[in-house]
Structure formats: C-alpha cells, structure tokens
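Visitor: Here it is: the structure, laid out below.
The values are calculated or read from the model by the stated rules, or taken from the named source; none is laboratory data. No experiment lies behind these values; they were computed from the predicted model shown. Using ideal geometry, Cβ is built from the backbone for each residue, glycine included, and neighbour counts are taken over all protein chains shown. What goes into the accessible areas is simple: the full protein's heavy atoms, side chains included, and nothing from ligands, DNA or RNA. Shrake-Rupley method; radii C 1.70, N 1.55, O 1.52, S 1.80 Å.
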Amino acid sequence: MTKICSGTHQFDITCAVFDKDGTLLEFEQAWGRRIRQWIRSMAAAAGGDEALAGTLFHMFGYDPDRREVAVDGPILAASAQTMKTLSAGVIYAEQQLPWHEAEKIAVAAGEAAFGSPLTEDEIKPLGDVKGTIGKMREAGITIAVATADNRDITEHCLEQLEIRQDVDILMCGDDPLPQKPDAGVLAWIAAELDTKTENILMVGDTINDLLTGRNANAAGCIAISPDGSNGATVLAPFANVVLRTIDELQVECN
C-alpha cells in the first residue's frame, strides 16, 4: 500500500476515489452560466416570473447573485434525471400545470442548457489535477472517479483535463450501478480491484461524497472546499481533513 499524507493525517491506501465537479474541476466555471440559463428559461417556459426562478434556484441550492452553490444541495449531488424530476415538481406545484407539461418543460430546458459539450474555456482544473493524479499513479495508487454526472459528459471532462488515461475505474450517474452515498459505490470499486474498502481514500466536495466513504468504512474521507469558508465548515464534521485542492495531498511510498 501507499501512504497519503495531509498535515498530521496519514492514510495507507491502494486506491483513491475522486468526485468530478468541484473536486477535479472548478464547478462555477463549468456549470454556473448553464445553470442560470437553465433555470431562467425553465421559469419563462412555464409562464412564471423571477419569483418562480428564485424558487427553483433556492430548491437547487444555487445563489445566482453570489454565484455560489450549497455543498449540501441537490445540484452538486443529484443525477441529471433527478434534477429534471425536481424541476418538474416545482413547476407543477407553483404553476399548476399538468404533470406531463411540467415534465416536458423541465426536460427541454435541461437539454437546451446542458446538451452541448463543455467547451475548453468551461473546463478548468481545480489546482494541479494532472500533476497530483500522476504522482499517485507513479506511487502505485489506482485512480477511480465516481460522479453523479452522465458518462459522456464525464469522459469529455476527463479527456480535457488530460487524465482520462490515468483513471482505472469510472462510475457515473447513468450507469446501472450503486450511486453515492451508497456504500455499494466503494464496495463495487473494491471488488473490481480485488482490494478492500478500508484501503480506499474518498475525495469530494459534498456531504454525499464524504458519506460514501464513511458508509463504506473507507481509509479516509478528504473534503475539498476551494473557498475555504462556509463550505469547509459544513463539510468538516464528515471529513478527516478539509483541503482547498487535491494539490495539498502528499504522496509517500512505503
């Protein structure tokens, strides 16, 4: 096994599992503009006003003025299908539209906002992702990515970050596999690698990520909070340590 260190914390691991958005790439850079477009177009299509948009923003945990996302909100943790269903539910309740119309509006707005691939400008690594992942690989650590995002989007992002070749296992929101925070996420990865969940390090920027590790009795749970403020406070009770980027992890071989 390989020893990963952060301050006084040390973890003996064979595998590191990373979330994608907000952990490997900057969330606001990638999705902020699209989220604002999505919600406002949804509200307009439903015949609503800024009040309906505000309800949708609040429900998803996104502040369009500060351009901040709640680390315990659904927009960071829910699958694309779940977000469409939640959106349709709000439209149905607030606008009193038939369910099939509310659902149609949510799906169409989602496809318009998120259907096209992220551009190079939208995909910005959160720190030295390529360098840190490379060091882990050189030390013999297997790399996995577990995300609620769809596979095609995830594959594209990892390729743009230049780390797709370094990721041994990829679990996505549209895969027929367990989803975070189910302990089965790490159990499946451990079985594929012929290791134990106790030898896996979980790294992510949401409570869901950290609970995935805790539920599976992982070697450690590392929280990523780029702003180091409110997000860090919320995540701290669920993590062994809170870092700004994965750069702060140190690799030391036994």
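Visitor: Residues in the stretch 76-85: is at least one closer than 27 Å to Pro237 by Cα and in contact with a strand residue (DSSP E or B) (Cβ under 9 Å, 6 or more places away or on another chain)?
Guide: Taking every residue of the stretch 76-85 in turn, at least one turns out to be closer than 27 Å to Pro237 by Cα and in contact with a strand residue (DSSP E or B) (Cβ under 9 Å, 6 or more places away or on another chain).
Visitor: While we're looking at this one, here's another question. Only residues in the stretch 11-32 that are in contact (Cβ under 8 Å) with a residue 12 or more places away in the chain and of a type outside the set (Asp, Glu) count as the first member; pair them with residues that are part of a helix (DSSP H, G or I) and open to solvent by 20 Å² or more (accessible area, probe 1.4 Å), Cβ under 8 angstrom, at least 6 apart or cross-chain, and list the lot.
Guide: Ile13/Asn199; Thr14/Leu193; Thr14/Asn199; Cys15/Leu193; Cys15/Asn199; Gly22/Leu76; Phe27/Leu76
Visitor: To continue, here is another question. Looking at (1) farther than 17 Å from Thr23 by Cβ; (2) in a helix (DSSP H, G or I); (3) open to solvent by 50 Å² or more (accessible area, probe 1.4 Å), find the lone condition where Thr119 falls short.
Guide: Unmet condition: (2).
Visitor: Looking only at the stretch 89-103, filter to residues that are surrounded by 19 or more Cβ atoms within 10 Å (Cβ to Cβ) and not small (Gly, Ala, Ser); which one of those is farthest from Leu243 (Cα to Cα)?
Guide: Residues of the stretch 89-103 that are surrounded by 19 or more Cβ atoms within 10 Å (Cβ to Cβ), as a first pass: 90-92, 102.
If we keep only those that are not small (Gly, Ala, Ser) as well, we get 90-92.
On the way: Val90: 35, Ile91: 38, Tyr92: 40 Å.
Restricting to residues being surrounded by 19 or more Cβ atoms within 10 Å (Cβ to Cβ) and not small (Gly, Ala, Ser), the top hit is Tyr92.
Visitor: Can you pull out the residues in the stretch 197-219 that are more than 16 Å from Ala77 (Cα to Cα), in contact with a helix residue (DSSP H, G or I) (Cβ under 7 Å, 6 or more places away or on another chain) and either among the acidic types (Asp, Glu) or open to solvent by less than 40 Å² (accessible area, probe 1.4 Å) (or both)?
Guide: Matches in the stretch 197-219: Thr197, Ile200, Ala216, Ala218, Ala219.
Visitor: For Ala106, state whether it is in contact with a Lys or Arg (Cβ under 6 Å, 6 or more places away or on another chain) and either surrounded by 15 or more Cβ atoms within 10 Å (Cβ to Cβ) or touching a residue at least 60 places away in the same chain (Cβ under 8 Å) (or both).
Guide: Here the answer is yes, as Ala106 does meet what is asked.
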